[in-house]
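This report refers to the structure that appears directly beneath it.
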Amino acid sequence: MKKFAIALAAIFVLAVACGSAGTPEQVVQKFLDAWNSGDGDGVASCMSSEGLIELDGFIEILRAAPDESVAQLAMMGLEFTPEEVADLTVGQFLTAMLSSEMASADMPDLSDVVIGETTISEDGQSAVVDVTTDGEEEELELILEDGSWKISKTPE
């Protein structure tokens, strides 16, 4: 159970990793729109490849023991059958998390985020976008991956 909780915490951190073509600010906005609308596929489509690998690893843990996973997910208010767990995608899992009252109660409220200044590195391969939520300023690190900006690291 402890491993499950740790892995779940990692998902919330990694879920704030998003990307698309356009500017870094557009990527952050796309992520926020997907997160706030409960669009797990949209969130997943925004993630860096590193973030997706880690999330896929978590999904693989769930798939390895679907009956046990169903019971653990149910304790979080997520209803899946063992068959659904066997075919679960990152997007489906994130959608379920974002739409569950119980699970979303522990997730950050990103409905009032203000996107601030962006600094792009000299080589043009990375950027930092300042965001403010609840009066707290954070930095989101983005990378240019396959021609698209992706949020690569979330605030610590």
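Bear in mind these aren't lab numbers, they're just calculated from the coordinates by the rules spelled out. Fair warning: this is a prediction, and the values are worked out from it, not measured in the lab. Quick reminder, even Gly has a Cβ in these numbers, built from the backbone with ideal geometry, and neighbours come from all protein chains shown.
Provide the convex hull volume over Cα atoms per residue for the range 36-106, in Å³.
Each residue corresponds to 81 Å³ of Cα convex hull volume.
Tell me which residues come under 5 Å, amide H to amide H, from Glu145 once H is placed; ignore anything under 5 positions away on its chain.
HN-HN under 5 Å from Glu145: Lys150.
Once you list every other residue whose beta carbon is under 12 Å from the beta carbon of Val27, what net charge do they have if Lys and Arg are +1 and Asp and Glu are -1?
-2
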